[in-house]
1. Could you work out how far helix 3-61 tilts from the main Cα principal axis of the chain, as a 0 to 90 degree angle to the nearest 10?
2. Tell me, what is the per residue accessible area of the chain in Å², probe radius 1.4 Å?
3. Restricting to Cα atoms and excluding each atom paired with itself, what does the Kirkwood estimate give for the chain in Å?
4. With n ≥ 4 as the cut-off for DSSP H runs, can you work out [θ] at 222 nm for the chain, using -39500 (n - 2.57) per run divided by the number of residues, rounded to the nearest 500?
5. What are the chymotrypsin sites (Phe, Trp or Tyr not before Pro) within region 1-31 that DSSP puts in a loop, where the Cβ has at most 15 other Cβ atoms within 10 Å?
6. If you put +1 on each Lys and Arg Cβ and -1 on each Asp and Glu Cβ, how big is the dipole of the chain around its Cα centre, in Debye rounded to 20?
7. If you roll a 1.4 angstrom probe over the protein chains with everything in place, what fraction of the accessible area of region 8-64 belongs to carbon and sulfur, to the nearest %?
8. Check the chain and count each lysine pair with an alpha-carbon distance under 29 angstrom, considering only pairs eight or more places apart or from different chains.
Amino acid sequence: MDKLDEQEAVREYVDAIENNIEYFKEWAAIYKTQKELAQQKVSQLEMKVLQLQEIIRQYQNGTI
């Protein structure tokens with residue numbers, strides 16, 4: 001393999017690594033978005049649980 005072939009092989013390898021980096025950056029952004037959406041859903045569910053607990057408490061106390 002001559003010097004030019006080696007340089008071309010290195011360039012292709014570097015390009016492949018850069019493409020992999022971009023691919024993982026995109027997946028990281030997707031993961032972050034999905035994680036944030038899941039956290040919002042959990043917060044909503046926690047709020048509903050608190051509301052239901054309050055309703056149960058009121059029912060047990062005979063206030064409703």
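The values are calculated or read from the model by the stated rules, or taken from the named source; none is laboratory data. Remember, predicted model here, so these are calculated numbers, not experimental data. Note: ideal-geometry Cβ built from the backbone for every residue, glycine included; neighbour counts use all protein chains shown. Just the protein is used for accessible areas: all its heavy atoms, side chains included, with ligands, DNA and RNA removed. Shrake-Rupley method; radii C 1.70, N 1.55, O 1.52, S 1.80 Å.
1. 0
2. Normalised by residue count, the accessible surface of the chain is 98 Å².
3. Every distinct Cα pair counted, the radius reaches 16.6 Å.
4. -35000 deg cm²/dmol
5. Working: sites: 13, 23, 24, 27, 31; in loops: none.
For chymotrypsin sites (Phe, Trp or Tyr not before Pro) across region 1-31 that sit outside H, G, I, E and B with at most 15 neighbouring Cβ atoms in 10 Å, the list is empty.
6. It works out to roughly 960 debye.
7. Details: 3330 of 5490 Å².
Carbon and sulfur atoms account for 61 percent of the accessible area of region 8-64.
8. Lysine pair count for the chain: 5.
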